[in-house]
Amino acid sequence: MAPRIVTLPGDGIGPEIMAAATRVLDAVGEFSYDEQLMGGVSIETNGTALTDDVLAACKGADAVLLAAVGGPKWDTTDPSKPRPEQGLLGLRKGLGLFANLRPVRPSPALIDASPLKPDRIAGTDLLVVRELTGGIYFGESGRDGDTAHDDCAYSVFEIERIARVGFQSARTKVTSVDKANVLETSRLWREVVTRVHAEEFPDVTLEHLLVDNTAMQLVSQPSSFDVIVTENLFGDILSDEAAMLTGSLGMLPSASVGGGGPGLFEPVHGSAPDIAGTGRANPLAMFLSAALMLRHGFDSEEAAAAVESAVDQALEGGIRTADLGGSHTTEEATVAVLSHL
Ligand code: NAD
């Protein structure tokens, strides 16, 4: 049976890049698509960003492919009004996704777009694995007079399961990032990661690195990393730092996995309302998100690598959408990628 993918085109450039992505997927395999409303477009129709029916459809799928949600029409600071990103949060929570994966692999043809010197960035091919549902963002917080606090807590269970995602994703090495010289949660983190490594993944190399040192090494020698696994707050910051190594928002895919059911695959960029409907959106991050879905959702390494290689070849052939300093359209970029599949 063809894997069933719930597609969520969402808002802005979302529908344009989703339509292009299903053409690319159809070139490497057979899939059945179930398109659903999520985000602003669902607020318009249903009054809420994510309905129970759509969440149920996602839970029953083999994978969920999302383009982007949001736009000025739904920007509001009124807490009683529905907002598109509530759909994203509801989806992550409903699917129990606790691990966020962000690969950073600058395409050889775009090395010059990186803010780093070409000799520094060359050979970079890393994956940031960030814990998504624990730590300081989910701890107790409050105010007492002129003092505020945000508590950070991690359990052995939470660390074990994210450590496993890190080791399973590694080709050679896992760099576990913490602040064990200062934080107790980091000392527990280091203890648990060390044990999971010894008991379950002795063939993968493990190194521990302090978060401040990691921030420096990411810009001084990014090619020395394979998988970086870290807690929520450190991962939030380091994944954005790592993303900048490519120098281009329109090229970055991400995946959220771990709930035991379908994963969620989406580009890092937003719905780009400023260029929606002009045919100028860069579809490549969407294609690379589909490749991540093939790799991490369907275990189809061959098909994933084919899509990534086709994207590289299209760029080497000179394809550049406006965000990459060129004038090619979404359609031209899509046709160029398809020609290499
Ligand atoms: P954005 O990523 O949508 O756009 C930032 C800039 O990058 C814009 O100039 C845009 O034109 C450009 N850009 C982004 N993706 C591009 C692509 N694929 N091709 C060409 N150019 C591209 O971020 P923003 O402007 O801060 O947010 C716009 C809307 O998107 C907001 O409503 C925001 O809430 C939402 N948003 C959604 C997600 C998501 O769905 N995961 C993520 C971030 C922002």
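The numbers here are math on the coordinates, done by the rules we state, and not lab data. In this text the structure is predicted, and so the values were computed from the model without any measurement. Heads up, the Cβs are rebuilt from the backbone with ideal geometry, glycines too, and the neighbour counts pull from every protein chain shown.
A compact table of results
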item: Calculated from backbone phi, Karplus (6.51, -1.76, 1.60) coupling profile of the range 326-341 in Hz, x at Gly/Pro; result: x, 9, 6, 8, 4, 5, 5, 5, 5, 4, 5, 5, 4, 5, 9, 10
item: Rounded if a/c under 1.5, otherwise prolate or oblate - the range 1-160, Cα gyration tensor axes; result: oblate
item: Where a label projected 7 Å from the Cα of THR205 along Cα→Cβ would reach, residues of the range 228-257 with amide N under 19 Å; result: 228-230
item: Sum of side-chain charges, GLY259 neighbourhood, beta-carbon under 14 Å (Lys, Arg +1; Asp, Glu -1); result: +2
item: Stretch gain in nm, segment ARG23-ASP125, where the contour uses 0.36 nm per residue and the Cα spacing is subtracted; result: 34.1 nm
item: Under 5 Å, built H, 5+ apart or other chain: amide partners of VAL229; result: VAL129, THR175, SER176, VAL177
item: Prolate/oblate/rounded call for the range 208-284, Cα gyration tensor, a/c under 1.5 rounded; result: oblate
item: Choice from VAL128, VAL227, VAL182 showing the highest fluctuation, given a GNM over the chain with Cα pairs closer than 10 Å; result: VAL182
item: Note, ³J(HN,Hα) from phi for the range 234-247, Karplus 6.51, -1.76, 1.60, rounded to Hz, x at Gly and Pro; result: 4, x, 4, 6, 5, 5, 6, 4, 5, 4, 5, 4, 7, x
item: Cα gyration tensor shape of the range 235-341, rounded if a/c is under 1.5, else prolate or oblate by comparing a/b with b/c; result: oblate
item: FRET efficiency estimate (nearest 0.05) - Cβ-Cβ, THR172 to ASP34, R0 35 angstrom; result: 0.40
item: Whole-Hz couplings from phi, Karplus 6.51/-1.76/1.60, listed for the range 146-161; x for Gly and Pro; result: 9, 10, 10, 9, 9, 8, 10, 9, 9, 9, 4, 4, 5, 6, 4, 6
item: Dipole magnitude of the chain about its Cα centre (Cβ charges: Lys, Arg +1; Asp, Glu -1), debye to nearest 20; result: 180
item: Spacing of the two label points (7 Å from each Cα toward its C-beta) at SER327 and ALA305, in nm; result: 3.8
item: Efficiency of FRET between THR76 and ALA56 - r from beta-carbon atoms, R0 41 angstrom, step 0.05; result: 0.90
item: Stretch gain in nm, segment MET244-LEU89, where the contour uses 0.36 nm per residue and the Cα spacing is subtracted; result: 53.4 nm
item: Sequence ranges 256-262, 114-120, 285-291, ranked by mean other-Cβ count within 10 angstrom, highest first; result: 285-291, 256-262, 114-120
